[in-house]
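Student: Here you go, one structure.
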Amino acid sequence: MTISIPDTLTADNSGKYIMSIRLRSDGLSFSGYSPSESETFFYRNVEFDRTKPYVSSLKEFFFEHEFMTYSYRRTNLVCVTPQYTVVPEEVFTDKQKMDLLSFTFSAPENKCLHNLLTREAAEVVFGMNEEVYEFCSRSLINPSFIHHITPQLALWKQQSRMLIPRQLYVVLHRKMMDVVCFAQGKLLFVNTFEYDKPDDILYYILYVWKQVGMDQERDQLHIYGGVSLRNSITTTLRNYIQYISPAEIPSDAYLLGAEVVQAPLDLIALSVCEL
C-alpha cells in the first residue's frame, strides 16, 4: 500500500505545511497544504482491508509512510463518526462529557473528546476508539482531534448569515448523512443519520424539513455527495421542495490548488475556516 506525496513536501520543509488526516470506518484520507504558498493543496485516499482490524491497518499504513509522522505546522486528526452530540457551553463540563455521550448513545466509544464551537457557544462531544486515539497520540506530534461536523458547522454558519431563506445542508457519505439547518447564521438543527438505501435519505431530509418548519417554496436545500446518488434523490425531492441545488465548495478554496475538488467537504471547510 504505497501512497505518493508531492515532491515539494519533505522532512526539511514539512514545518510549513498543515496536515489533516481523516479517519473513517473503511480507511483514511489525508490532505496537506502550505498556507504561505498557493496551489500546494494535495489530497490522497486510502481503502483498508476490511477483513483486518482497523487499528492494525492504521498502524501498518503509518509504519509504511514516513511522511505521516513528519513535524508539521499543524496536524489535524478528523474523526468521521455519527457518534456525537452538540451541548450548550453553559451546561457543558469536561468531567461530565462521558455521561453526556452515554446518555445519547447506548454503546458509546470508550474515548470521549470535544470541540468548542466558539461562534455557537456550544461543544461538539464525540466518541472515538481508545486504541486508535492512543496510537495517533503517540505517533503524531501534538495532533488536534476534530469531529468532522465541526468545520462544516463553521462554514455553513458563515455562508448562511447573509441569506434570508433558511438553509438545509445535507452531506452524503458512505451509509451516513449529515443534516444541518441554519437560519441567518443561527443553528437550528444538526444530526448525522445512518442509511441503507436512497429512500432512507429522502425520509430523513423531508422529516427534518418538516420538524424545523421550513417553507417548501422559499427555503433552500443544498446537497453534497456523489453525482449519481444526488441526482436521483433530487428528482424525487423536487416534488416537495422548490429550491434544491448541488452545494458548491467555497470559491476561495480553489486558491489552495486544483486537487481541492477531490477532498471531502469537512477537509475543505477545515482548510478554508482555519479552525
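The values are calculated or read from the model by the stated rules, or taken from the named source; none is laboratory data. A quick note: this is a predicted structure, and the numbers were derived from the prediction, not measured. Every residue, glycine among them, receives a Cβ derived from its backbone with ideal geometry; neighbour counts consider all protein chains shown. Calculation scope for accessible area: heavy atoms of the full protein, side chains included, ligands and nucleic acids excluded. Shrake-Rupley method; radii C 1.70, N 1.55, O 1.52, S 1.80 Å.
Student: Does residue 49 count as touching an Asp or Glu at 6+ places or on another chain (Cβ under 7 Å) and over 14 Å from residue 268 (Cα atoms)? Please lay out each step first, then the result.
Tutor: Values: touching an Asp or Glu at 6+ places or on another chain (Cβ under 7 Å): no; over 14 Å from residue 268 (Cα atoms): yes.
Judged against the criteria, residue 49 is not a match.
Student: Further, regarding this structure: Given the residues 46, 86, 78, 91, which is the only one that is of a type in the set (Val, Ile, Thr), open to solvent by less than 10 Å² (accessible area, probe 1.4 Å) and closer than 30 Å to residue 188 by Cβ?
Tutor: On the way: 46 fails: closer than 30 Å to residue 188 by Cβ; 86 fails: open to solvent by less than 10 Å² (accessible area, probe 1.4 Å); 91 fails: open to solvent by less than 10 Å² (accessible area, probe 1.4 Å).
Only one candidate passes the filter, namely 78.
Student: Note down all Cβ pairs under 6 Å where the first residue falls in region 201-214 and is under 15 Å from residue 180 (Cβ atoms), the second is open to solvent by 50 Å² or more (accessible area, probe 1.4 Å) and of a type outside the set (Phe, Trp, Tyr), and they're at least six residues apart or on different chains.
Tutor: Every condition considered, the pairs that remain are 212/188; 214/166.
Student: Right, next: In region 247-269, which residues are touching a residue at least 60 places away in the same chain (Cβ under 8 Å) and assigned to a loop (DSSP other than H, G, I, E, B)?
Tutor: Selection gives 247, 250, 257, 263, 264.
Student: Could I ask something else about it? When you look at residue 231, is it farther than 28 Å from residue 87 by Cβ and either over 19 Å from the mean Cα position of the chain (by Cα) or touching a residue at least 12 places away in the same chain (Cβ under 8 Å) (or both), yes or no? Please lay out each step first, then the result.
Tutor: Numbers: farther than 28 Å from residue 87 by Cβ: yes; either over 19 Å from the mean Cα position of the chain (by Cα) or touching a residue at least 12 places away in the same chain (Cβ under 8 Å) (or both): yes.
Yes; evaluated as a whole, the condition is true for this residue.
Student: Restricting attention to strands (runs of 3 or more DSSP E) lying wholly within region 22-86, give those where 1 or more residues are farther than 30 Å from residue 96 by Cβ and aromatic (Phe, Trp, Tyr). Working first, answer last.
Tutor: Numbers: elements: 27-33, 42-47, 74-79.
Those strands (runs of 3 or more DSSP E) span 27-33, 42-47.
Student: Follow-up question, since we're still on this one. For region 129-154, which positions are outside any strand (DSSP E or B), in contact with a Cys (Cβ under 8 Å, 6 or more places away or on another chain) and surrounded by 22 or more Cβ atoms within 10 Å (Cβ to Cβ)? Break it down into steps so the answer makes sense when it comes.
Tutor: As a first pass, look at region 129-154 and keep what is outside any strand (DSSP E or B): 129-143, 148-154.
Filter once more, keeping what is in contact with a Cys (Cβ under 8 Å, 6 or more places away or on another chain): 143, 148, 151, 154.
Across region 129-154, the qualifying residues are 148, 151.
Student: Does region 105-128 include one or more residues that are in a helix (DSSP H, G or I), open to solvent by 30 Å² or more (accessible area, probe 1.4 Å) and without any contact (Cβ under 8 Å) to a residue 60 or more places away in the chain?
Tutor: First, pick out the residues of region 105-128 that are in a helix (DSSP H, G or I): none.
No - not one qualifying residue is present in region 105-128.
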